[in-house]
1. If I compute solvent accessible area with a 1.4 Å probe over the protein chains, what percent of it on the range 63-203 is carbon and sulfur?
2. When volume of the Cα convex hull per residue in Å³ is calculated directly from the model, which label among [x] 143; [y] 168; [z] 179 fits?
3. Quick one: length gained pulling Lys73 to Phe205 fully straight, 0.36 nm per residue minus the C-alpha distance?
4. Which one of Leu229, Leu183, Leu157 has the biggest mean-square fluctuation once the chain is modelled by GNM with Cα springs under 10 Å?
5. Using a 1.4 Å probe and ignoring any ligands, DNA or RNA, find the accessible area of Glu100 and quote it in Å² to the nearest 10.
6. Show me the ranking of peptides 33-39, 162-168 by mean Cβ neighbours inside 10 Å, starting with the highest.
7. Subtract the Cα-Cα distance of Asp110 and Val133 from 0.36 nm times their separation in residues, and report this length gain in nm to one decimal.
8. Taking the simple approach of a point 7 Å from Cα along Cα-to-Cβ for both Thr184 and Ser243, what is their distance in nm?
Amino acid sequence: MTDEAGAPATLMRLWRRSERPTRGRPSVLDIDGVVAAAVDLADREGVANVTLANVAKDLGVTKMSLYRHIGSKAELLELMADFAIGDPPKVEPTGDWRAELTTLAEANRDVLMSHPWLVELPLSGPPAGPHAVAWMDAFLRTLRETGLGWGTKGGILVLIGGYVRLACAQALQLAEGRKDSGLTQAQAEQAYGKGLAELIDPERFPDAVGFLSSGLGGSEQNSDFDFGLDVVLDGIAALVEAS
């Protein structure tokens with residue numbers, strides 16, 4: 001569906017260009033109000049419970065009244081994702097692209113961990129909303145003086161974003177898996193390592209036994225995240241060096 005200018009309706013709503021004054025009684029709702037209510041519902045009850053009917057109930061309106069502002073549930077999810085991530089932190093240029101990228105990646109992680117449902121949403125395409133584009137611009141700006149081409153910078157953008165998303169999804173799933181155990185991630189890893197090392201055959205799996213017996217579980221979530229991010233940044237540093 002497109003508007004009269006030819007732009008996709010969802011894109012118009014992402015950039016808040018679609019709502020125009022209408023005749024008759026003014027609406028008590030707007031896109032921001034609907035999307036904010038949907039984000040609040042997802043934070044409380046999970047994204048699976050975000051339906052137009054449930055959002056309308058929270059707002060005290062009818063489901064049909066939402067269609068004046070939202071085209072479909074799929075569109076609502078896109079609007080929610082852009083709304084929830086907000087704008088990136090302002091990173092002052094220091095000439096240290098690695099430190100700047102680290103700051104943005106950690107800020108991106110904090111956003112995803114504060115809205116866990118974001119990692120459950122399917123990726124529908126490249127950044128399209130104003131907040132997503134703001135993050136894209138911020139990441140690209142850190143690479144401005146590296147000498148890398150636009151194609152390489154775009155690949156780095158996908159790489160960093162993918163790493164952060166995967167790391168958050170894994171951390172959230174691990175937390176969900178141990179929620180009834182009362183253990184921290186480090187404690188769960190230590191118990192796993194100790195128990196499995198006693199069961200498996202060291203002649204058949206010598207390196208696995210060595211690894212499991214080495215004190216697995218001493219790291220916390222943030223340290224694991226930082227280790228992985230450092231490895232990714234080392235690869236980027238090699239590209240910068242080569243350029």
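1. With neighbouring chains kept in place, the figure for the range 63-203 is 58 percent.
2. Here the calculated entry is [z].
3. Details: separation 132, 0.36 × 132 = 47.52 nm, distance 4.92 nm.
Additional length available on full extension: 42.6 nm.
4. Among Leu229, Leu183, Leu157, the largest mean-square fluctuation in the Gaussian network model of the chain belongs to Leu183.
5. Estimated to the nearest 10 Å², Glu100 gives 20 Å².
6. Details: 33-39: 21.1, 162-168: 18.0.
Packing order, densest peptide first, comes out as 33-39, 162-168.
7. Details: separation 23, 0.36 × 23 = 8.28 nm, distance 1.81 nm.
My answer for the length gained is 6.5 nm.
8. Placing both labels 7 Å along Cα→Cβ, they lie 3.9 nm apart.
The values are calculated or read from the model by the stated rules, or taken from the named source; none is laboratory data. What you see is a predicted model, and the numbers here were worked out from it, not measured in a lab. As a convention, Cβ positions derive from the backbone with ideal geometry for all residues, glycine included, and neighbour counts pool all protein chains shown. Side chains included, ligands, DNA and RNA excluded: accessible areas come from the protein's heavy atoms. Shrake-Rupley method; radii C 1.70, N 1.55, O 1.52, S 1.80 Å.
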